[in-house]
There are 4 protein chains.
Amino acid sequence: MSAASFRALHDRLRRQVPWGASDRRGALNYLTPERIAAAAGEVRLGRTVTLAAPVASSAPDNPEPGTRHMKRLPGEPSDVPGVSFAADQLVMNVHGDVDSHIDALCHVNHDGTLYNGVRPEAVTSQGASELSIEDARNGIVGRGVLLDIPRLRGVRWLEPGDSVTAAELAAAETAQQVRVGPGDVLFVRVGHRRRRGELGPWDVAKTRAGLHPDAMVYLAERQVAALGSDSNSDTAPSVVEGSAFPVHVLAIQALGLHLLDYLQFEDLLPACEAAGRWSFLCVIAPLRLRGGTGSPVNPIAIL
Amino acid sequence: MSAASFRALHDRLRRQVPWGASDRRGALNYLTPERIAAAAGEVRLGRTVTLAAPVASSAPDNPEPGTRHMKRLPGEPSDVPGVSFAADQLVMNVHGDVDSHIDALCHVNHDGTLYNGVRPEAVTSQGASELSIEDARNGIVGRGVLLDIPRLRGVRWLEPGDSVTAAELAAAETAQQVRVGPGDVLFVRVGHRRRRGELGPWDVAKTRAGLHPDAMVYLAERQVAALGSDSNSDTAPSVVEGSAFPVHVLAIQALGLHLLDYLQFEDLLPACEAAGRWSFLCVIAPLRLRGGTGSPVNPIAIL
Amino acid sequence: MSAASFRALHDRLRRQVPWGASDRRGALNYLTPERIAAAAGEVRLGRTVTLAAPVASSAPDNPEPGTRHMKRLPGEPSDVPGVSFAADQLVMNVHGDVDSHIDALCHVNHDGTLYNGVRPEAVTSQGASELSIEDARNGIVGRGVLLDIPRLRGVRWLEPGDSVTAAELAAAETAQQVRVGPGDVLFVRVGHRRRRGELGPWDVAKTRAGLHPDAMVYLAERQVAALGSDSNSDTAPSVVEGSAFPVHVLAIQALGLHLLDYLQFEDLLPACEAAGRWSFLCVIAPLRLRGGTGSPVNPIAIL
Amino acid sequence: MSAASFRALHDRLRRQVPWGASDRRGALNYLTPERIAAAAGEVRLGRTVTLAAPVASSAPDNPEPGTRHMKRLPGEPSDVPGVSFAADQLVMNVHGDVDSHIDALCHVNHDGTLYNGVRPEAVTSQGASELSIEDARNGIVGRGVLLDIPRLRGVRWLEPGDSVTAAELAAAETAQQVRVGPGDVLFVRVGHRRRRGELGPWDVAKTRAGLHPDAMVYLAERQVAALGSDSNSDTAPSVVEGSAFPVHVLAIQALGLHLLDYLQFEDLLPACEAAGRWSFLCVIAPLRLRGGTGSPVNPIAIL
């Protein structure tokens, strides 16, 4: 896609955002109480499934791995009467190319603004004074829909560099007999996690499967509330001239869509297959990190 | 309570756990698919509420505060074409006396064992090989019930050092016209957060309101799946001779109850009052920390 | 001191810096090879003394304490044949009000510039591209001189809020029979550590003993290479209208003096007294933190 | 070397340690005041040189890199009158295979004891109660001697897997016209840093140049006070059957020698060549990490 076409697409998507200049919630506005209440109706089996992967250790796609260190061991003598505790401490980057996380709307600056014209100076060394992940503190709760592209194509996974188009998303809907609608949290599986599990990690910053920018038109039309993938939704190398992360720009900065990166659908997939359904109640609960640019998350699907 | 009485209570509660010697999920076993599916029926308004407080900064109850530092600012030049990112890094203790978190079943060693006879040596410097928070990776999803003790007593909060008895839990049920049952996630509000908000933080390690150990009998009888509080559920100073954390010991080590500490109910309270109901769908999604002794969490109530 | 007087003092001191517009080492330039070689002559007893305090835990002057967590315990089974290691991890702020550290010349922005006209934009989220602590990577080695102000005044320590003037530094020289000269690393003891040890920590951000801004004239005249104190050299509350850290501004930003904050002289003091001398070889070895604004340090005095 | 030979060597070296059962300083005892004072006589040029490398970023030999994040940027508005500060925070492992650090005597457990019979249980999750790096808080100051093995062999570096024998150390002494003696801090250059700089990093845990265990006999005879290398002193794969780190075991656990790992001699080498001498005053100043298993360091050579 040429730089000019991308710019036109970006401007078109940005113009159609209906929430007004002071909005800071973006596509979360599609999650009306009625839709949340309706989404609870997706629960039939009472089965819950994690959509996150365990926090990863060092690998070619994880140059600064999160670490967890013990502060206290329960087998050691304690100075507290009657009990010894196990306790630990966590150090981790919020973003990166392997741990499951959510991007706040302050995450992306394109052409001098964050989402909805907010100035990038709203994010300082002290954090984001606007568009931080705290704006999603009450959770993202709605109907989740999983579209499984490897299933559609009859492959085990999409190879790095490959892109999922809007047409494929529509074809997956038809094949899976599900229709993505307003307020849905859309999950697009490209098979990244399965490939990583079977072939081992690689340098994902250089090459990975993702969505084609034209898929953002589809998301905008369907009025989805958030987008998650087992990749980070952006293909590498980029198919857009002069833009390394066109989906991040279109989704977060233009449409106000929270992105969920590097999720894990290998547990959800058999659960959906067994249930014969591809929709479920979905609950995403970011940590309450004031000023944060996102959060590690463990989205839960409830079938 | 004398040390002997506490020991008798502990042994009685521990003996009645019905899950067998190899169980590692404890009271989460009460969360059957049927109960999870039924809990979804609690959703009527489509309103979601956070039960966590924002990660706190240094205070008398927070000697080692979590920190969040920027890795990249979106207003700075980027070496990525077409975009600049905001990114940050998180350092935080999993436990402590102010940030909302969940305790895994490996958290408590009493009398030489963790829950269900697991040896404390299962937790090493490399983490917990058994009973880690990963055992709750699919989330804790069920009916949540809030019992509001300050409301029952007609006070703004319980003063530090005060304890909630089993009888008071039963009285709160009657007053609130709700009954706690099998698989419920029980939340007991003692007003800790409101007191902290209005009077400022104090040294919570020394004095705080909590539950009386006899309340654990009530929880066991009602077969609750997990217990959360805006305190850490344990009164300080302890009412039990020779045991500084009797509720932690009885709940986690004897009953296999995951505890949720230092939650925040100041948003949930008016929501329940407005709805005229004290039950809701509750989703708790711990981070996937392999070997972890717990996790920071943001439990979501859905009314 | 009025704002106007301070401005005049600042401009006067800044103008007299002789190193030229491209200089990035500031007063370290006074540490010529000749002076370093001569400083080695201070070593007579072969006695070495630390000038740092142990990394501190949480306290009123330490709201974000450094932490050290174990990664491996030597008593645990090892997967390495023939050996088990003890290993740990360190998290700490470089600055703050209790741990001994050195300030790099990028640390202070006054009136829109860092030292020697360097723009503050030279420091981004990626660190300092100029004036970082890496400029002192070969260590600061020279003659150290300790001036002990409580000794001069016949008190155990200076009370918080009190200031050491240039006249007092001169008086201490006379009393101690030592003269501060070009290239010396000057240490000024105000008794902060002793007060902290005996009375316990207090909120040092609000009130502490330090140097009067006029002492910077003395340092400039004597051409000292670096300045250290058991306080942070700046009195609180400030004696200068509109400037909370006048000594930091004059020393670091105007004169290019590396400051060493919150050192510990309680070991050095008796060593000097026993030796009957107040000068010694001093070696300061900052960690090699690329882009860093300073470093934790353990300066060593060799008598 | 067979396991039996290694055991015999270990026992022989351990038996000859002359400091008594309560000693905790090991070979630092060789650093008598007389020797420290004499070492100051090595200073002639007044030239100082760092023996550390900059803290490294992610690489095949650095799976958990240290990170440094900004806490405050000096170009941002400040709430402190008259000044804006640059400040940062440091997270780093003390050991590892790339950052220059010192190993404390608690670092190595062999055959159920640390140095001098101290039980490994002296190191708990709270740190080392004995043999921590705090025992070197007054610094390690003495005559440093650099033996350059690539120079002796006429190569640019030793290839990974190669070992320096006692005989080679003696040959290097002869070639360089220097003699290692009691209390010296010995630095053995194998060319690791030069190879890394020219060929790039590799998986050092698997293959690296080091010292042959018989070199420890030489060190014991010469009564050196500490040993540093641009490698970690241990060859990989190990030449000893059943012991992956024989030099660590012999040096730290048997002889009580502090090891300095992954130093950098590329600055020192030309300085020594220019001076026509291979000895210098050396100052090593570990951070004051209570209970610590070592410390990042920046040893300073003063010629």
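Here, each number is a calculation from the coordinates, and none is a lab measurement. Just so we're clear, the structure is a prediction, and the values are computed from it rather than from any experiment. Heads up, the Cβs are rebuilt from the backbone with ideal geometry, glycines too, and the neighbour counts pull from every protein chain shown.
Dividing the helix sum by the residues of the protein assembly as shown, where each DSSP H run of 4 or more adds -39500 (n - 2.57), gives a mean residue ellipticity at 222 nm of -5500 deg cm²/dmol.
Counting Cβ atoms of other protein chains within 10 Å of each residue's Cβ and taking the mean over peptide D:32-38 gives 4. Ranked from shortest, the separations from the 7 Å Cα-to-Cβ label point of residue A:129 to its equivalents in the other copies are 2.5, 5.1, 5.2 nm. Here the contact order of chain D, divided by its residue count and restricted to Cα pairs under 8 Å and six or more residues apart, works out to 31 percent. Partner shielding of C:39-47 amounts to 6, given as the average count of beta-carbon atoms from other chains within 10 Å of each residue beta-carbon.
Using C-alpha pairs under 8 Å with a sequence gap of at least 6, the mean separation divided by the residue count of the range D:1-124 gives a relative contact order of 19 percent.
Each of residue B:274 and residue D:221 was given a label point 7 Å from its Cα along the Cα-to-Cβ line. The distance between the two points is 8.5 nm. Taking a ≥ b ≥ c as the square roots of the eigenvalues of the alpha carbon gyration tensor, chain C is rounded, as a/c is under 1.5. Using a Gaussian network model of chain D in which every pair of alpha carbons under 10 angstrom is joined by a spring, one finds that among D:113, D:207, D:67 the greatest mean-square fluctuation is at D:67. Each other copy places its own label point for residue B:274 at 3.8, 7.2, 7.4 nm from this one, sorted shortest first, where the point lies 7 Å along the Cα-to-beta carbon line. Between this copy and the others, label points of residue B:8 are 6.8, 8.5, 8.5 nm apart in ascending order, each placed 7 angstrom from Cα in the Cβ direction. Under a Gaussian network description of chain C, with springs only between Cα atoms under 10 Å, the residue in C:49, C:188, C:83 that fluctuates furthest is C:83.
If you find the alpha carbon centre of the range B:209-258 and of the range A:167-203, how far apart are they in angstrom? Centre-to-centre (Cα) distance: 44 Å. Assign one of three labels to the range A:106-215, namely rounded, prolate or oblate, based on the Cα gyration tensor with a ≥ b ≥ c the square roots of its eigenvalues; rounded applies when a/c is under 1.5, prolate when it is not and a/b is larger than b/c, and oblate otherwise. It comes out prolate by the Cα gyration axes. Between D:223, D:89, D:177, the residue with the greatest mean-square fluctuation in the GNM of chain D (Cα pairs under 10 Å linked by springs) is D:89. Computed from the C-beta positions of residue C:78 and residue A:205 and an R0 of 30 Å, the FRET efficiency is 0.30 to the nearest 0.05. Here the extension length gained between residue B:126 and residue B:32 equals 30.6 nm, from 0.36 nm per residue of separation less the Cα-Cα distance. To the nearest Å, what is the center-to-center distance of the range A:1-80 and the range B:26-40, using C-alpha atoms only? When both Cα centres are located, 25 Å separates them. Once each part is reduced to its C-alpha centroid, what is the distance from the range D:261-303 to the range C:115-135 in angstrom? If you average the Cα positions of each part, the centres end up 26 Å apart. For the rotation carrying C onto A, the chain C residue whose Cβ lies nearest the axis, with the distance in whole Å, reads C:69, 2.
Taken residue by residue and averaged, Cβ atoms of other chains lying within 10 Å of the Cβ of C:291-297 number 6. The calculated FRET efficiency for the pair residue D:16 and residue D:241, based on their C-beta separation and a Förster distance of 30 Å, comes to about 0.80. Relative to the dominant Cα principal axis of chain B, helix B:166-176 is inclined by about 70°. Assign one of three labels to the protein assembly as shown, namely rounded, prolate or oblate, based on the Cα gyration tensor with a ≥ b ≥ c the square roots of its eigenvalues; rounded applies when a/c is under 1.5, prolate when it is not and a/b is larger than b/c, and oblate otherwise. Taking the square roots of the gyration eigenvalues as a ≥ b ≥ c, the protein assembly as shown is prolate.
For chain B, find the longest principal axis of its Cα atoms and tell me its angle to the long axis of helix B:3-15, 0 to 90°, nearest 10. In chain B, helix B:3-15 runs at an angle near 80 degrees to the longest axis. Each label point was placed 7 Å from the Cα along the Cα-to-Cβ direction; for residue C:165 and residue A:111 their separation is 6.4 nm.
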